[in-house]
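*Asks:* Attaching a single structure in C-alpha cells format; questions to follow.
The values are calculated or read from the model by the stated rules, or taken from the named source; none is laboratory data. Since we're looking at a predicted model, the values are computed, not measured. Virtual Cβ from ideal backbone geometry, glycine too; neighbours counted across all protein chains shown. Please note that ligands, DNA and RNA were not included when accessible areas were found on the heavy atoms of the full protein model with its side chains. Shrake-Rupley method; radii C 1.70, N 1.55, O 1.52, S 1.80 Å.
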Amino acid sequence: MLKIGEFARICRVSTQTLRYYDTEGVLCADRIDPETGYRYYAPEKLETFRRIQTYKEAGFSLEEIKLLLAADVK
C-alpha cells in the first residue's frame, strides 16, 4: 500500500486532490486508518488515476468520469 503522499507524488497531484476524488467517489482509498484518517492506496490504483486524468483532459466532468469508470468495471 502507498501512503497518500507517496501516491500523490507519483501522480503529480496534491493530496487535497486525492482527498477530493475520494470524497466524490471517483478514486477511493483502499484503506483509511480509523485512528488517524490517513488514506492508503494500492499500486493498482495508479492505472485508475491515469484513466481519470485522460478523461479529464478529454473534457469529461467528474460525474461523467465516475460513470465511465463504473462501466469499465462491469
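*Asks:* May I ask you to list pairs of residues, at least six apart or on different chains, whose Cβ atoms are under 7 Å apart, with the first in the range 5-17 being open to solvent by 40 Å² or more (accessible area, probe 1.4 Å) and the second being at pLDDT 95 or above?
*Replies:* From the range 5-17, the pairs are ILE10/LEU46; SER14/ALA8.
*Asks:* Name the residues in the range 4-25 that are outside any helix (DSSP H, G or I) and at pLDDT 95 or above, would you?
*Replies:* Keep residues of the range 4-25 that are outside any helix (DSSP H, G or I), which gives 12-14, 25.
Within the range 4-25, ARG12, VAL13, SER14 meet the criteria.
*Asks:* Now a separate question. Only residues that are surrounded by 14 or more Cβ atoms within 10 Å (Cβ to Cβ) and basic (Lys, Arg): list them for the range 20-42, please.
*Replies:* Hit for the range 20-42 is ARG39, nothing else.
*Asks:* List the number of the failed condition for LYS45; all other conditions in (1) surrounded by fewer than 14 Cβ atoms within 10 Å (Cβ to Cβ); (2) under 12 Å from the mean Cα position of the chain (by Cα); (3) closer than 26 Å to ALA71 by Cβ hold.
*Replies:* Evaluating LYS45 over (1) surrounded by fewer than 14 Cβ atoms within 10 Å (Cβ to Cβ); (2) under 12 Å from the mean Cα position of the chain (by Cα); (3) closer than 26 Å to ALA71 by Cβ leaves (1) as the failure.
*Asks:* If ALA71 passes every condition in (1) surrounded by 14 or more Cβ atoms within 10 Å (Cβ to Cβ); (2) aliphatic (A, V, I, L, M); (3) not in a loop (DSSP other than H, G, I, E, B) but one, which one does it miss?
*Replies:* Tallying (1) surrounded by 14 or more Cβ atoms within 10 Å (Cβ to Cβ); (2) aliphatic (A, V, I, L, M); (3) not in a loop (DSSP other than H, G, I, E, B), ALA71 fails exactly one: (1).
*Asks:* Given the criteria in contact (Cβ under 8 Å) with a residue 40 or more places away in the chain and in a helix (DSSP H, G or I), does LYS66 qualify?
*Replies:* On the way: in contact (Cβ under 8 Å) with a residue 40 or more places away in the chain: yes; in a helix (DSSP H, G or I): yes.
So LYS66 passes the test.
*Asks:* Could you please let me know if PHE49 is modelled with pLDDT of 95 or more, touching a strand residue (DSSP E or B) at 6+ places or on another chain (Cβ under 7 Å), of a type outside the set (A, V, I, L, M) and in a helix (DSSP H, G or I)? Give the steps one after another, and end with the answer.
*Replies:* Details: modelled with pLDDT of 95 or more: yes; touching a strand residue (DSSP E or B) at 6+ places or on another chain (Cβ under 7 Å): no; of a type outside the set (A, V, I, L, M): yes; in a helix (DSSP H, G or I): yes.
When the stated conditions are applied, PHE49 does not pass them.
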